[in-house]
Amino acid sequence: MTTLSAIGTSEDLVEDARQAARAAADSSGITIRLLHQVEEFSEVVALFARIWTSDVTQGPVNTETLRAISKAGSYLAGAFDGDKLVGAGMGFFAAPSQQALHSHIAGVDGRMRGRNVGFAIKAHQRAWALGEGIHEISWTFDPLISRNAHFNLVKLGARASKYHRNYYGQMSDVLNGGDDTDRLLVRWDLLSASVAAACHGKPATLESSAHRADDAQTLLEPSAHDEPTVRKTDAALVLVRLPNDIEALRRSRPETASRWRSALRDSLGALMDDGGRVLGFDSSRRYVIDTQAPYRPPVVSEAC
């Protein structure tokens with residue numbers, strides 16, 4: 001890990017993070033700001049309800065909780081396209097000794113897909129956190145959704161920390177589809193040079209030969225019909241491949257989607273339980289896991 005002393009002073013790092021956040025927002029054509037008013041909280045509640053459910057009265061957050069989060073000084077920000085709220089994120093402080101924030105929920109209006117609004121929100125969150133003296137942000141995501149794995153592990157440079165089984169219990173919203181809520185916990189080292197580079201649009205990548213080594217073996221992959229296929233392996237470097245579109249499978253073939261949940265739990269989850277390190281996520285929708293060696297951070301690419 002690259003430490004703060006190798007990057008510059010604390011003030012330098014905060015200013016660099018703010019520049020990256022402004023550039024990300026400008027590139028997305030949005031503005032991002034902290035939210036403080038009840039009317040704004042109501043907009044966030046409605047936005048998240050549209051994203052996660054088909055019932056605008058039963059979203060994942062409520063106005064009262066957002067008021068408490070804001071009053072306590074934790075993170076609550078909105079992304080605006082003109083005057084319209086199109087994305088938001090919230091997080092709360094961990095124990096004081098950890099100098100950390102847990103990012104609980106973030107979402108973007110589906111009509112904004114492809115404009116990197118989610119990336120801009122995370123860059124803003126990092127800049128704000130550094131300004132508050134926070135050194136780490138953690139959050140969870142569904143490890144079966146490949147675009148989320150790429151976003152978190154590649155584009156943001158977060159590091160997979162722990163596999164949690166049925167973390168929230170069963171959720172019947174439109175995104176989770178009644179499936180168990182297994183989650184991958186990731187940690188974002190805000191003092192890392194590779195994370196700083198990622199926020200400037202230069203994400204870290206796996207070493208080009210890391211997952212093409214002769215001894216790399218596939219533990220899990222989809223069949224021709226998108227069924228999970230598990231293979232036996234005792235290799236030091238293991239590949240776990242995701243289905244093409246787990247969200248579509250949850251709608252059209254829920255039993256197959258459930259089998260994928262079990263297969264990923266018994267592959268990626270079991271490897272991480274045994275000390276395996278997720279080195280990254282590649283362009284073929286594969287987690288790359290080192291089952292033996294200590295964690296080696298990916299190499300920063302020169303390409304944007």
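Rule-based calculations on the coordinates, nothing more; no lab input. Nothing here was measured: the structure is a model prediction, and the numbers come from that model. No Cβ is skipped: glycine too gets one built from the backbone with ideal geometry, and neighbour counts run over all protein chains shown.
Tell me the label-point distance for the pair N62, V230, using the 7 Å Cα-to-Cβ offset, in nm and rounded to one decimal.
4.0
Under 20 Å between alpha carbons, and skipping anything fewer than 8 positions from K122 in its own chain: which lysines qualify?
Straight-distance partners of K122: K84, K155, K202.
If you take the Cα atoms of the chain, find Rg, then find the Kirkwood Rh from the mean of 1/r over all pairs, what is Rg/Rh?
0.96
Dipole of segment 210-295, Cα-centred, from +1 at each Lys and Arg C-beta and -1 at each Asp and Glu C-beta, to the nearest 20 debye? Kindly include the intermediate steps, with their values, before the conclusion.
Values: 13 positive and 14 negative charges, 58 e Å.
That gives segment 210-295 a dipole magnitude of about 280 debye.
Determine which lysines satisfy two conditions relative to K232: a Cα distance under 27 Å, and not lying fewer than 8 residues away in the same chain.
K162
Against the 2.2 N^0.38 Å scaling, with N counting residues, where does segment 15-116 land? I'd like the Cα-based Rg ratio to two decimal places.
Details: Rg = 14.0 Å, N = 102, 2.2 N^0.38 = 12.8 Å.
In units of the 2.2 N^0.38 Å rule of thumb, it is 1.10.
If amide H atoms are built 1.01 Å from N in the plane of the peptide, which residues on other chains or at least 5 residues away come under 5 Å of the amide H of S161?
The list, which skips near neighbours in sequence, is L185, V186, R187.
So if we plug the beta-carbon distance of T31 and R111 into 1/(1 + (r/R0)^6) with R0 = 22 Å, what FRET efficiency do we get, rounded to 0.05? It would help to have the intermediate numbers written out before the result.
Values: r = 17 Å, r/R0 = 0.78.
Efficiency computed from Cβ-Cβ geometry: 0.80.
Roughly how many nanometres apart are two label points built 7 Å out from the Cα toward the Cβ at K202 and R187?
2.6
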